[in-house]
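Here the structure comes first, spelled out in C-alpha cells, and everything after it is commentary.
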Amino acid sequence: MRGLTASKTVGLLAILGVLIGLFVFVLMPTFYLISFTLTQWNEVYIDVFANPLIGDTNWQQILGYLGFSLRLAVAAVIIDFLFGIPLAYFLAYRRFPGKSFLEDIIMLSLVIPTSGFGVATLLTWTGLSGIGGLIGRSVVEVTYVVPLMNVPFLYLLVHVALTFPYVVRTLQGKLEDLSPAFGQASRTLGASAFTTFRKIIFPLAIPALFSGGVLAFARSLGETGATMVLGGVMPTAPIAIVRWVSEFKLATASFLGFLLIITATIAILLVDLLLQKRSVFRMPRWKFVSKVGKCVLKVEKKLSGRPKWFKDVASLGTLFIIVILPIIVVLFSVGVYWSADPDTGRVQGGVIYQLFGPSNYFNTLMRATLTSVYVAVISTYIAACIAVPSVYMIKRYRAGGLLRYILRVPLIVPSSALGLSVLLLWGPSGLNLTTPGIWLIILTHIVFSVPVVMEPTIAAYEGAGIPSYEGVARTLGATPYDAVETVSLPMLKRGILAGVILSFTRSLGETGATFVVMGSDVTVPPLVVNMVEALAFPAALFASAYLIALSLVLLILFRFLVRK
Amino acid sequence: MPEVTLKNLSKSFAKGRIVAVDKVDLHVKDKEYFSLIGPSGCGKTTTLRMIAGLVEPDEGEIYIGERLVTDLPPEDRDIGYVFQQYALFPNMDVWDNVTYGPTVKAWEEKKRERIGREMLQMVRLYDRLDAVPQELSGGMMQRVALSRALAAGAELLLLDEPLGALDAKIRNELRYEIRKLVKDLKLTAVHVTHDQAEAMAISDRIAVMRKGHILQVGSPYDLYMNPEEIFIANFIGESNFLEGKVSHIKDDTAQVSLRGDLEVESSNIKIAKKGERAVLAVRPEAFELAEKTQKLGNALHGVIERIRFEGTDIRYEIRLVNDDSIVVVRPSLGGEWFEENDKVTVGFDPEKSHLFEYPEKGLRAELELE
Ligand SMILES: Nc1ncnc2c1ncn2[C@@H]1O[C@H](COP(=O)(O)OP(=O)(O)OP(=O)(O)O)[C@@H](O)[C@H]1O
Ligand SMILES: [Mg+2]
C-alpha cells in the first residue's frame, strides 16, 4: 500500500472543497450571528437593556415585536391546517381534470415575489379596485384586526397565502405514499370514512403535518416583503430588523435576529422530539372518552353519508380567494390604471405617467431588473455547484444525515435575520470583505439557494434508484467517475434543473434579506416596497404585475421540466 | 345468512380499455370455503374488492345473504377482509388492531375485551398483545390481521392472497389454520389466490377465472377429474396435449388418430365430432410406463429424452415416435427405473383422458395465461 492513488486524492480534495464551501457560504453566517450576539454581549446588553438614554425601551419593543410575530405565525399555521388538511386530502385522493393546474397554483404561492403579492392583496381587499369595486366600498380597512387572535386581518391573509403550501405539499405527499390498504382495512372493519380519517389516516400523517407546519411557521415568522407592503399597522419582528439595520442599530437588530433564529430552531427541535415520541399521540383509555367516542362515531357516520363535495368546495374556494383572486386583480388593475387614475382621472395617477414621467420609475425598474437577474444567476450557479456534490455526500456517507439536518437551518432562519447574519459576517463590522451592495446580496441568496437546489435533487436521486444503476455501471467496467458522469448526472438532470429554477425564482422574489444587505443596488422586490412607501402606487402596481408575470413564466418552465 | 350472489357483475378500468371483470355470475353458498383462482390479472382481486365495496362495479348486482349491497359502503356490508400485505395499522399495537372493529362499532366494553381476547387466543398471539406490528414476523402479522377481521363479527370473510407474502413452509401451515378457523366459526369464506395447489388443498369449491370471465365452478375433485375446458385441464394440475382427429365415435368412446397415424381411445368426451380436429389431454401422472416390449392399453412408443428426479416423483420427458413430446410423472418409489435414451412404451386408461374439440384460436392461444 503506497498511500492514496491519484484519483482518490482528487476525490478527497473535492469532498473537502464542497464541505468548505458549504460551511463558509451557507452555515457560517447564521452561526456568526449567534456567536456575535454572545461574544459582543456587553455591547448588546447596553443597547438593549440599559441604554443610557432610553433604558430598556428596546427590550420592550423587541418583546412586543417578537410576541406579535409569534402570534401571527401561530394563527397562520392554525388556519393553514384548517384549510390545508382538506385540500391535501382532496388532492391526494381525487383524480380530476385540471388537478395539475391546481397543484401549480399552490406551487406559485411558494415562488411568488412576496412584495408583489402584498401589493396584490392590498389592492384586492382595500379600496375600490378589488372586491370592493363590486360592493361599492372597501371590504376591510388595512387596520382591521381579527378579534381573538389579535392580528391584522390582511397580515393573516397574506401569511396564510404564503405559508399554506408547505402544509398542503408535505401532507399530500405523505397521503399519496400511504398505502390505501390501511384506509380500506378500516372501512371493511366497520369504520365510516370520517372515523377512518380520524383514527387511521390522520395519525399516520401527523409527522408530515408537523414538518409542514414547522416550515410554514418559520416562513411566517420570517416573512418580510408582503408584510412591509401592508404597511406599518404593526411591525413584525423581521420588519423591525430591517428598520433597525437602516438606522444602524446593529446590536439591537442582531439580538432580535438571534431570538428569531432561536425561536425557529426550538420549534423545529420540539417537533422532531415530539415525533420521535409517538406515544404522545395515543389517546388515553378513559371511561368517559369511550362515552364521548360513541357520540363522535355516530356523528361521523352521519357526516360520511353526506355529499362530500362540501369540504372540497370550501377549501377550493379559500384557495381561490386568497391566492388566485389577488393575482387576477393585480394583473387586471394594471390595465385599469394604465393611462390615468380611474377615480380621479388624473394622469399623474396613471401607470404611464409614473413610469415615464418625471420620476422615471421605468429606468429604476430596468436597473433593478438587471441587478435582480444578475444576482439570481450568480447565486443560483454557485449554489448549484455546492448543492449537487453535497447531495452525493448526504446520500453516500453516514454523516450525510446530519449534514442534511443542519442544512434545514437556512430554510427556517427568518430572511431578514439571514440578511443581517451575512451583513455582520462579511460586511464592515465583521470580516470587512465587502460593503452592502450586489456582492452581499449574492452571498445572502446563496445561503437559502443551496437547500432549495438540494431538495429536488435529493428527491430525484431517491426516486431514480441511482446507487443501483451506478452499481450496474461499475460492474460493466465503468470507473466511479464515469459512472457518475454517464449514469447519475443525466438521471439527476431534471431534479437539478427543477431545483435551479426554483432557486432562481426564489432569488428573484426575495425581499427581507435583500433589504438588509442591498445598499444602493436595489433589486425589484424591495423596489416595490419603496414605491409603496413613496406612495407611487401605480408604479408599484406595474412592478408587481411584472414580477408576478415573470415568476409565472418561470413556474411554467419548471412545470414543463418536472412533468416530462 | 352470508351467502354471496353476483349477478352480471362488470368492471373496467382506464376508461373501458381494461376490462377487469366481464359479466360475472357467481353463487357462493352459506358456510362454504370458496376460492377464486386464475392467472395474474384475470380479475380475481377486482371481483373480491367489489364484494367488499372497495371497488364500485360498472354494472351488475351483489347480494350478501338476502341483502342487495351494491350501493352500500364497505363499513355497512358486515365483512372481514384480509389483505396480502396485512395492512395492520402501524400506529396501533396488536390489541388495538384486533379490537378496532368492536371499537368503531361502539360495542360494549366487556364484549370488546372478551372478543379481543378470544380472537387473539385463537391465533395463539394473546401473549403479544402489546407488540407493535413491525416487531412481528410475516406469519404472525397475518394471524393478527385474520383475528382483527374476525373480531369485527363478520360472517363473511374475504381473503386476497392472504398467504402470498409468506414463505412456503409457513404458507402451508397457515392455510390449514385459516380453513379450520372458518369452519369452526361457521363462516363463509371467499379466498383469492393464484396458487392452484393452495386452492385445491383448502376449498370446498373453486371458481377458475380467466380474462375477467369465470370458466368453471366446481369442487377440487371436479376440476381435476372433469375439466370443462382445455385451459382448466392445464391450469389445475398439468396436462399433455396431443393433437389429432376423431376417426370414430361409438357410445361414449372415441377413436382418435394422432399425428403419424397413432390410434388411441378416449372415453371422456367434451364436445368433439367425428372427422374433426381434436385435442387429447392426458395428465402426466395418468400414464403408465413400461419397457418397449411390454403390452399396455392405448400404447404409444417413444424414447426417454430426459429424466428429472424431483423427490416424491420422477419426471420423464419422452419423445414419441410421431415426434410429439410428452411428460410422464411416476412416483419415485413406484418400482420401475429407466435411463435416458431407453426405448419405452407408455399407455393410459381411456377413462383418464379428456378429449376436446380443437380450439378456434389454436391450442397455444387457448393455453395462454393472459
Ligand atoms: N385501480 C386500477 N386501475 C387500473 N387498472 C386496474 C386497477 N385495478 C386492477 N386493474 C387491472 O384490472 C385487471 C385485473 O386486475 P386484478 O387485480 O383484479 O387481477 P388479479 O386477478 O387479482 O391479478 P393478480 O393475481 O396479479 O393479483 C388487471 O389488468 C389490472 O391491471
Ligand atoms: Mg390480485
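How would A:Cys295, A:Cys385, B:Cys42 line up from fewest to most surrounding beta-carbon atoms within 10 angstrom? All intermediate terms of the calculation are to be shown ahead of the outcome.
On the way: A:Cys295 10, A:Cys385 16, B:Cys42 24.
Arranged by neighbour count, lowest to highest, A:Cys295, A:Cys385, B:Cys42 become A:Cys295, A:Cys385, B:Cys42.
Can you sort A:Thr514, B:Thr312 by how many other beta carbons sit within 10 Å, fewest first? Display every interim value, and only then the final one.
Working: A:Thr514 30, B:Thr312 9.
Placing the least packed residue first, the sequence is B:Thr312, A:Thr514.
Label-point separation (nm) for A:Glu533 and B:Arg277, each offset 7 Å from Cα along Cα-to-Cβ?
About 9.0 nm separates the two model spin labels.
Taking neighbour Cβ counts within 10 Å as the exposure measure, how do B:Asp251, A:Asp47, B:Asp58 sort from fewest upward? Write out the running numbers ahead of the final one.
Values: B:Asp251 6, A:Asp47 21, B:Asp58 15.
In order of increasing Cβ crowding within 10 Å: B:Asp251, B:Asp58, A:Asp47.
When we measure straight from the Cα of A:Lys8, which lysines land under 24 angstrom away, once same-chain ones fewer than 8 places off are left out?
Filter leaves A:Lys395.
Per residue, what volume in Å³ does the Cα convex hull of the range A:156-213 take up? All intermediate terms of the calculation are to be shown ahead of the outcome.
Numbers: hull volume 4.5 nm³, N = 58.
Cα convex hull per residue, to the nearest whole number: 77 Å³.
Need the list of aspartates and glutamates near B:Lys29 for cross-linking: C-alpha distance under 19 angstrom, and skip anything on the same chain fewer than eight residues off.
B:Lys29 reaches B:Glu3, B:Glu61, B:Glu66, B:Asp78, B:Glu155, B:Asp160, B:Asp184, B:Asp204, B:Asp222.
Once all Cα-Cα distances of the range B:240-367 are split into 5 Å bins that start at 0, what whole-number percent is in each one?
2, 11, 21, 22, 19, 13, 8, 3, 0
Longer than 21 Å from Cα to Cα, which of B:Lys44/B:Lys183; B:Lys44/B:Lys361; B:Lys250/B:Lys270; A:Lys298/B:Lys7; B:Lys11/B:Lys44 are they? Say none if no pair is. Don't jump to the answer; show the numbers that get you there.
Working: B:Lys44/B:Lys183 23 Å; B:Lys44/B:Lys361 24 Å; B:Lys250/B:Lys270 14 Å; A:Lys298/B:Lys7 33 Å; B:Lys11/B:Lys44 11 Å.
Pairs exceeding 21 Å: B:Lys44/B:Lys183; B:Lys44/B:Lys361; A:Lys298/B:Lys7.
At what distance in angstrom do the alpha carbon centres of the range B:307-328 and the range A:195-259 lie from each other?
Going from one Cα centre to the other spans 77 Å.
Taking the Cα centre as origin and putting +1 on Lys and Arg beta-carbons and -1 on Asp and Glu beta-carbons, what dipole magnitude results for the range B:4-232, to the nearest 20 debye? Numbers along the way, then the final one.
Details: 31 positive and 35 negative charges, 39 e Å.
For the range B:4-232, the charge dipole is close to 180 debye.
With both partners inside chain B, how many of the DSSP beta bridges are antiparallel, as a percent to the nearest 5?
Working: 63 of 82 bridges.
Antiparallel: roughly 75 percent of the beta bridges in chain B.
Can you compute the FRET efficiency between A:Tyr469 and A:Thr57 using 1/(1 + (r/R0)^6), with r the Cβ-Cβ distance and R0 = 51 Å? Round to the nearest 0.05.
Details: r = 62 Å, r/R0 = 1.22.
Computed FRET efficiency for A:Tyr469 and A:Thr57 comes out at 0.25.
Over all directions, how big on average is the projection of the convex hull of the alpha-carbon atoms in the protein assembly as shown, in square nanometres? Intermediate results must be reported in sequence, preceding the final value.
Details: hull surface 214.1 nm².
Its Cα hull, projected and averaged over all orientations, spans 53.5 nm².
Taking the Cα atoms only, what angle lies between the long axis of helix B:109-122 and the longest principal axis of chain B, rounded to 10 degrees?
Between the helix axis and the principal axis of chain B, the angle is about 30 degrees.
For the range B:7-67, which GluC sites (Glu not before Pro) are both in a DSSP coil and crowded by at most 15 other Cβ atoms within 10 Å?
Numbers: sites: B:Glu32, B:Glu59, B:Glu61, B:Glu66; in loops: B:Glu32, B:Glu66.
Qualifying residues, ordered by number: B:Glu66.
Compute the relative contact order of the range B:4-232 as a whole-number percentage, counting only Cα pairs closer than 8 Å that sit 6 or more residues apart in sequence. Spell out each step's value before the answer.
On the way: 425 pairs, mean separation 66.3, N = 229.
So the answer I get is 29 percent.
If R0 is 35 Å, what FRET efficiency do you get for B:Glu368 and B:Lys29 from their C-beta distance, rounded to 0.05?
Details: r = 32 Å, r/R0 = 0.90.
Between B:Glu368 and B:Lys29 the formula returns 0.65.
222 nm [θ] for chain A, helices only, -39500 (n - 2.57) per DSSP H run of 4+, per residue, to 500? Mind dumping the intermediate values first?
Details: 29 runs with 415 residues, N = 564.
The helix-only estimate for chain A comes to -24000 deg cm²/dmol at 222 nm.
Once you place label points 7 Å from the Cα toward the Cβ at B:Asn322 and B:His301, how far apart are they in nm?
In this crude label model, B:Asn322 to B:His301 measures out at 1.5 nm.
Give a quick list of trypsin sites (Lys or Arg not before Pro) in the range B:47-150 that DSSP marks as loop, anything other than H, G, I, E or B, with at most 13 other Cβ atoms within 10 Å. Let's see the in-between values first.
Numbers: sites: B:Arg49, B:Arg67, B:Arg77, B:Lys105, B:Lys110, B:Lys111, B:Arg112, B:Arg114, B:Arg117, B:Arg124, B:Arg128, B:Arg143, B:Arg148; in loops: B:Arg77, B:Lys105, B:Arg124.
In loop regions of the range B:47-150 (DSSP not H, G, I, E or B), the sparsely surrounded trypsin sites (Lys or Arg not before Pro) are B:Arg124.
If I take every Cα pair under 8 Å that is 6 or more residues apart in chain A, average their sequence separation and divide by the length, what percent do I get for the relative contact order? Before the final figure, lay out each step's value.
Working: 760 pairs, mean separation 125.1, N = 564.
The value is 22 percent.
Estimate the FRET efficiency between A:Arg346 and A:Thr143 by the formula 1/(1 + (r/R0)^6), using the beta-carbon distance for r and 35 Å for R0, to the nearest 0.05.
Working: r = 26 Å, r/R0 = 0.75.
Computed FRET efficiency for A:Arg346 and A:Thr143: 0.85.
If you scale each eigenvalue of the Cα gyration tensor by 5 and take the root, what three semi-axes come out for chain B, rounded to whole angstrom and sorted largest first? List each step's numbers first, then the result.
Details: eigenvalues 433, 123, 49 Å².
Those come to 47, 25, 16 Å.
List the trypsin sites (Lys or Arg not before Pro) within the range A:8-115 that fall in a DSSP loop (any state other than H, G, I, E or B) and whose Cβ has at most 13 other Cβ atoms within 10 Å.
Loop-located and lightly packed - A:Arg94, A:Arg95.
Using alpha carbon centroids, what distance separates the range B:142-184 and the range B:191-270, in Å?
Each part reduced to its Cα centre gives a spacing of 30 Å.
Output wanted: per-residue J couplings in Hz (rounded whole) for the range A:538-543, from phi through Karplus 6.51 cos²θ - 1.76 cosθ + 1.60, θ = phi - 60°, x for Gly and Pro.
Running phi through 6.51 cos²θ - 1.76 cosθ + 1.60 with θ = phi - 60° gives x, 5, 4, 4, 4, 4 Hz.
Length gain on complete extension for the stretch A:Val292 to A:Ser359, per 0.36 nm per residue less the alpha carbon to alpha carbon distance? Walk me through the numbers before you get to the answer.
Details: separation 67, 0.36 × 67 = 24.12 nm, distance 6.72 nm.
Computed gain between A:Val292 and A:Ser359 is 17.4 nm.
Just how large is the dipole of the protein assembly as shown about the Cα centre, in debye to the nearest 20, putting +1 at every Lys and Arg Cβ and -1 at every Asp and Glu Cβ?
Numbers: 92 positive and 88 negative charges, 457 e Å.
Charge dipole of the protein assembly as shown: 2200 debye, to the nearest 20.
Have a look at A:Leu209, B:Ile269, A:Met228 and report the one farthest towards the positive end of the charge dipole of the protein assembly as shown, computed about the Cα centre with Cβ charges (Lys/Arg +1, Asp/Glu -1).
Result: A:Met228.
Any lysines with Cα under 20 Å of the A:Lys294 Cα? List them, leaving off those in the same chain fewer than 8 positions away.
Of all the lysines, those that pass the test against A:Lys294 - Cα under 20 Å, at least 8 places apart if same chain - are A:Lys199, A:Lys302, B:Lys105, B:Lys110, B:Lys111.
Report the charge-dipole magnitude of the range B:240-367 in Debye, nearest 20, computed about the Cα centre from +1 at each Lys and Arg Cβ and -1 at each Asp and Glu Cβ.
Roughly 300 debye for the range B:240-367.
Considering the options B:Met225, B:Ala286, A:Leu19, tell which one lies farthest towards the positive end of the dipole of the protein assembly as shown, charges being +1 on Lys and Arg and -1 on Asp and Glu at the Cβ, about the Cα centre.
A:Leu19
Would you be so kind as to identify which of A:Ser186, B:Ala154, A:Ala88 lies farthest towards the positive end of the dipole of the protein assembly as shown, taking Lys and Arg as +1 and Asp and Glu as -1 on Cβ and the Cα centre as origin?
About the Cα centre, the residue reaching furthest to the positive side is A:Ala88.
Any chance you could run the full-extension gain for A:Thr486 through A:Asp104? It's 0.36 nm times the residue separation minus the Cα-Cα distance, nm to one decimal.
Values: separation 382, 0.36 × 382 = 137.52 nm, distance 3.19 nm.
Full extension from A:Thr486 to A:Asp104 adds 134.3 nm.
Summing -39500 (n - 2.57) over the DSSP H runs of n ≥ 4 in chain B and dividing by its residue number, what mean residue ellipticity at 222 nm do you reach, to the nearest 500 deg cm²/dmol?
On the way: 10 runs with 88 residues, N = 370.
Only helices count here, giving -6500 deg cm²/dmol.
For the range A:439-498, what does the alpha-carbon gyration tensor say about shape, rounded, prolate or oblate, given a ≥ b ≥ c as the root eigenvalues, a/c under 1.5 as rounded, and a/b over b/c as prolate? Spell out each step's value before the answer.
Values: a/c = 3.85, a/b = 2.35, b/c = 1.64.
Judged from the Cα gyration tensor, the range A:439-498 comes out prolate (a/c at least 1.5, a/b above b/c).
Every number here is computed from the coordinates shown, using simple stated rules; none is lab data. Please read all numbers here as calculations on a predicted model, not as lab measurements. Please note: Cβ atoms are built from the backbone with ideal geometry, for glycine as well, and neighbour counts cover all protein chains shown.
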